[in-house]
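Just below is one structure, and these are the notes that go with it.
The values are calculated or read from the model by the stated rules, or taken from the named source; none is laboratory data. These numbers were taken from a predicted model, which means no experiment stands behind them. In this analysis, Cβ positions are derived from the backbone assuming ideal geometry, glycine residues included, and neighbour counts consider all displayed protein chains.
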């Protein structure tokens, strides 16, 4: 037996020798990366010009990087032009700040694909164009992995300038794969310290500040991953988006003067007997469909070749017909498509004329490449005529993310969307289709356009986003909503905000009205959960300071929750304050338990360790807290968790 | 180590922007990275892919190295994470378990100087679960102590000891099968 171990040791210590040429080129490329990080290293920026809640994955990279000594900025002047092209392929519209990070990873991508050669850098728009014409179903990961390998083997043989669509497609895959790899590695960098960095010691940092987030993209992505059995990097799970997918029926505000209610409850943590969960629920006032002002909607529909997939254009058409059913007769609808060239398919038409609208929707067909910018401009042009007619107008962009031809300056486009927001036209984004790597752009666009980003994977999801929550998605009731929680060190020794990692704000940003934050639509609710450790609990992870400042023991308050928001269009924020004690119990047990189950499950899914507590426990807890569940969302969650639990046991 | 400068000193020099230190560090550890990746993945091409990913990301990632652990421990963790990502992306875990080194058999068995030994390695590694493979790749492949392996994999030393006993069991079963064939 020991012989076998020795045999295994010998075999493992002498693997087939690594390829010498590849070793040399990888080392050279790595060195280049190193030099780039040095040359352009700059100190961390103040939070104010941080990309507000745009590009989440990239924000994470940002966080990772800014946690380190300094921020590497890798935008090398000489390769800038080419890098921009690559950025256009993957994420055509990003904020300026995002772009910096993108480029840092793209340096790596280029090097990875062709270490030591400049061929990839010669890729041009023309070369990339065929991509959009080919229907590009997401390849299975295994195939993609093989392609990467083939790609590296083909490298030497491939002519420098190729018009071969297949080859180009492979490059695209390669880039996406690599982008993902890079991203995954970057996030794993947190692996050893993630838990610790999530934990705050009250004596050191008594105040926690973050921006709200009403997006739900992570949940839809996770559902697709469970049902289709294709792997999702755990980093794609943003816990807050999982939690906020569900409606928790917090009490509704009585009047529009204070547009929110704040509900707080303290409960036992199922996965740690020594800690408590403090759930904060915010609910915005709802507007009945008949009470909302008439609205103009411009559907900006991506009809590029890549949309030719049952889960894309056909689903999109069905989704929009669902939305039509919720509109009032006075609302107007227009349709603009973009593919190759942009075109107005339907001039502004009263929603009452359903036949005309449905007919126009029906005639849409997918083909050609994507001229996103021209489409966006036309859509805004139509929306502005609606504003002139006295309606509030919104552009609804529906795409799989192939926003990749015709955009020369993502920065300008971002500004364009933001400027149009000032004229009263907002922008919401609906994502369709699998293998969609452009979550980043969708989020960035919607944020800059004061809108909502949602991901539609099934007709049921369309029903939820476009019918059940239509007023919330279409009508913003408060902007720049920030939450700040101050903990009392005498009562709470440690705390951890579950999720919202990408939404953290600096303490001083809370009172700074210039710092942007998330918006909330009519009837939306937002839930945040803190795991807190009461002072003296065995669950304390950090020893108390011997010479720490003596806490004020007079108060039995655990925490003080402050909420800042602006009325739409206002420049000055309003403040809502709520004290919390151990006995605070303002949320129904079913609601608390269900949110807890979702939060725990989400943490498990993204690979966090909750001791003995497993997905099966999450399922049990969720099953006990189904409540009324009129739309079946909680039931669906329960089924998915059970399925995921079964999958993880294999 | 070939010279007196420790990894940790090199890492410090890298942090202060010393490009030669970075190059020395890469030179010193490239094979280690590759060997560990190979141990976990079992295919030369996969191992080289992961090695490439790790090396190209190293300049940025080193900024996150705070020196709480030994550099090799930290590096092992980085490689294990990258390899796990690679597995996650290329196929489901279950499939990988079945396919450990399949490519390798096809491509390199003939060229391999010691084909029999490689065959045995394929069979042995294929018999182990991913977590056991990670464990042996560290303990046997990199001569890590059980304590180091525990730190890298984020489990207790007891778990590592248990996994090694599982490995012995699996190898014994394999040996028994060979005997009976």
Is there a residue in segment B:158-180 that is modelled with pLDDT under 75 and within 11 Å of chain A (Cβ to nearest Cβ)?
yes
When every residue in segment A:289-323 that is under 27 Å from the mean Cα position of the chain (by Cα) and free of Cβ contacts under 8 Å to residues at least 40 places away in the same chain is compared, the one farthest from residue A:462 (Cα to Cα) is A:310
Considering only residues that are within 8 Å of another protein chain (Cβ to nearest Cβ) and within 13 Å of residue B:82 (Cα to Cα), which ones fall in segment B:48-71?
B:48, B:49, B:51, B:52, B:53, B:54, B:55, B:56, B:57, B:58, B:61
For a quick check of your reading: which strands (runs of 3 or more DSSP E) sit entirely within segment A:402-490 and have at least 1 residues that are at pLDDT below 80?
A:453-456, A:476-487
Is at least one residue of segment A:212-222 in contact (Cβ under 8 Å) with a residue 40 or more places away in the chain and more than 13 Å from the chain's Cα centre (by Cα)?
no
Subset of segment A:1-25 that is at the interface with another protein chain (Cβ under 8 Å from one of its Cβ atoms) and outside any helix (DSSP H, G or I) - its residue that is nearest to residue B:39 (Cα to Cα):
A:15
Of all residues in segment B:139-157, how many are within 17 Å of residue B:39 (Cβ to Cβ), within 12 Å of chain A (Cβ to nearest Cβ) and part of a helix (DSSP H, G or I)?
3
Pick out, from segment B:23-100, the helices (runs of 4 or more DSSP H) lying fully within it that include 1 or more residues that are at pLDDT 85 or above.
B:44-61, B:71-90
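Taking segment A:491-515, which residues are outside any strand (DSSP E or B), under 17 Å from the mean Cα position of the chain (by Cα) and either at pLDDT 90 or above or surrounded by 21 or more Cβ atoms within 10 Å (Cβ to Cβ) (or both)?
Taking segment A:491-515 first, the residues outside any strand (DSSP E or B) are A:491, A:499-503, A:505-515.
Within this subset, residues satisfying the condition of being under 17 Å from the mean Cα position of the chain (by Cα) are A:499-503, A:505.
Correct list: A:499, A:500, A:502, A:503, A:505.
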What is the number of the single condition among (1) out of contact with any strand residue (DSSP E or B) (no Cβ under 8 Å at 6 or more places or on another chain); (2) modelled with pLDDT of 80 or more; (3) outside any loop (DSSP other than H, G, I, E, B) that residue A:235 does not meet?
(2)
Note on segment B:6-47: residues within 22 Å of residue B:139 (Cα to Cα), at the interface with chain A (Cβ under 9 Å from one of its Cβ atoms) and either surrounded by fewer than 17 Cβ atoms within 10 Å (Cβ to Cβ) or out of contact with any helix residue (DSSP H, G or I) (no Cβ under 9 Å at 6 or more places or on another chain) (or both) are B:31
Residues within segment A:172-211 that are over 16 Å from the mean Cα position of the chain (by Cα), at pLDDT 85 or above and not in a loop (DSSP other than H, G, I, E, B), tallied
5
